[in-house]
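Each remark here refers to the structure printed beneath this line.
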Amino acid sequence: MTTTELLTLPDTANHHDHKYHQLVFGLEGKTEFDIQGRGEHVGLGQGCLVPSSTDHAFCGIGNNRIVVINIPTEALDAMPLHAQATHLFDKASYFTLDNQRQVLLQAICHEIKNTPANSPLLQACGTTLLLSIQNLMRQPTPRKSLAYIDLAALDLHIQLNMARKISIAELAGLTFLSPSHFHACFKEKTGVTPHQYVLQKRLEYSKQKLACGWTILQIAEHCGFSSQSAFTHAFRDYFQTTPGRCRKTSTEH
C-alpha cells in the first residue's frame with residue numbers, strides 16, 4: 001500500500017535502503033540527499049526519486065519539512081501509469097518542479113496536514129503527485145530557459161549591491177524565473193550555484209580593491225562580508241593566499 005507523510009529530517013547524517021520506491025519533495029527549508037554518490041540539496045520546488053534497495057544518505061539543514069511517498073514495487077505495477085512510467089524508478093534521479101506543480105504540491109500538502117493518518121485520501125494524494133511526476137519526467141528538458149539568464153545584467157546588479165546580502169530569489173526575479181528553476185538553469189549554464197557565483201564576484205572585486213590600497217576592513221564591509229575574519233577566510237580559500245600577502249605581491253609589481 002502506498003503511504004504519504006510529512007517528515008522533518010534530523011541535522012545528523014543517516015543512510016539506509018528499503019524494499020520500496022520513494023518519491024521525495026522538498027517543502028520547507030533545505031535537506032541534503034546523496035544517492036549512489038550523487039549529492040544534491042532538496043528544497044522547495046525540488047525532489048528526488050529513490051528506487052527500492054538503493055542505499056542513500058540524507059540529513060536536514062535547520063528547520064525543514066519534506067513530503068515522502070513510499071511506493072511498494074507491486075503497487076507501482078498496479079497504478080494507471082503511462083507505459084514509460086513503469087521505468088520511472090529504474091535509476092535514481094533529481095528533478096525541479098515547474099510553477100504549476102509547485103502550486104499542486106502546496107495544495108496537496110494542505111490536504112495531507114488536515115487528513116487523518118488512516119484516511120484513503122492520503123493514498124490518493126500520493127498517487128496524484130506520482131502521476132504528476134510521471135508527466136514531468138516524460139517532458140523534454142526545456143533548454144531554451146537558459147537563454148533567459150543574462151549574466152551581464154546579473155553582474156551589474158551584484159556590483160551595485162555588493163555591500164549587502166543578495167538572495168537567490170532576488171536574482172531569480174531579474175530573470176523572471178522561479179527561484180528553484182533559476183537555480184537549476186543557472187548551475188547548468190555556469191557550472192556553479194548562484195551563491196557560489198555571487199561569492200566569486202565579491203572576492204574578485206575585493207582583489208581589485210586591495211590593489212587600489214583599500215584596507216581589509218573597508219573591503220570586508222564594502223563587499224558584503226559579515227566580518228574581517230570572514231572575508232579573510234573566504235579570500236584564502238578562493239585564492240590560496242591571504243589578503244595581506246596579495247596586497248604585498250600587487251604592490252611589488
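The values are calculated or read from the model by the stated rules, or taken from the named source; none is laboratory data. Because the structure is a prediction, the values reported are computed rather than measured. Virtual Cβ from ideal backbone geometry, glycine too; neighbours counted across all protein chains shown.
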- [ ] Would you point out which residue out of A117, A92, A78 is modelled with pLDDT under 85, under 28 Å from P10 (Cβ atoms) and aliphatic (A, V, I, L, M)?
- [x] A117
TODO: Tell me, yes or no, whether the range 221-235 has at least one residue that is over 30 Å from G39 (Cβ atoms), part of a helix (DSSP H, G or I) and without any contact (Cβ under 8 Å) to a residue 40 or more places away in the chain.
DONE: yes
Task: Hey, G126 modelled with pLDDT of 85 or more, surrounded by fewer than 11 Cβ atoms within 10 Å (Cβ to Cβ) and not in a loop (DSSP other than H, G, I, E, B) or not - done: no
- [ ] Mind listing whichever residues of the range 193-205 are of a type in the set (S, T, Y) and closer than 18 Å to T96 by Cα?
- [x] T193
Open item on the list: Looking at T54, T8, T12, T3 in this structure, which one is surrounded by fewer than 18 Cβ atoms within 10 Å (Cβ to Cβ), among the hydroxyl-bearing types (S, T, Y) and within 15 Å of L131 (Cα to Cα)?
Closed with: T3
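So, of the residues in the range 150-192 that are part of a helix (DSSP H, G or I), of a type in the set (V, I, T) and under 27 Å from V103 (Cα atoms), which turns out to be modelled with the lowest pLDDT?
So, considering only residues that are part of a helix (DSSP H, G or I), of a type in the set (V, I, T) and under 27 Å from V103 (Cα atoms), the one modelled with the lowest pLDDT is T175.
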Open item on the list: List the residue pairs whose Cβ atoms are under 6 Å apart, where the first residue sits in the range 137-166 and is under 20 Å from R202 (Cα atoms), the second is modelled with pLDDT under 90 and polar (S, T, N, Q), and the two are 6 or more positions apart or on different chains.
Closed with: I149/T175
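L156 - would you say it is exposed (fewer than 13 other Cβ atoms within 10 Å of the Cβ) and under 30 Å from G47 (Cβ atoms)? I'd like the intermediate steps shown before the answer.
Values: exposed (fewer than 13 other Cβ atoms within 10 Å of the Cβ): yes; under 30 Å from G47 (Cβ atoms): no.
Considered against the rule, which asks whether it is exposed (fewer than 13 other Cβ atoms within 10 Å of the Cβ) and under 30 Å from G47 (Cβ atoms), L156 comes out as no.
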Task: Hey, G47 of a type outside the set (S, T, N, Q), in a strand (DSSP E or B), touching a residue at least 24 places away in the same chain (Cβ under 8 Å) and surrounded by fewer than 15 Cβ atoms within 10 Å (Cβ to Cβ) or not - done: no
Task: So L210, is it in a helix (DSSP H, G or I), touching a Phe, Trp or Tyr at 6+ places or on another chain (Cβ under 7 Å) and farther than 30 Å from S93 by Cβ - done: no
Open item on the list: Can you report the number of residues in the range 23-38 which are more than 12 Å from I66 (Cα to Cα), assigned to a strand (DSSP E or B) and not charged (D, E, K, R)?
Closed with: 1
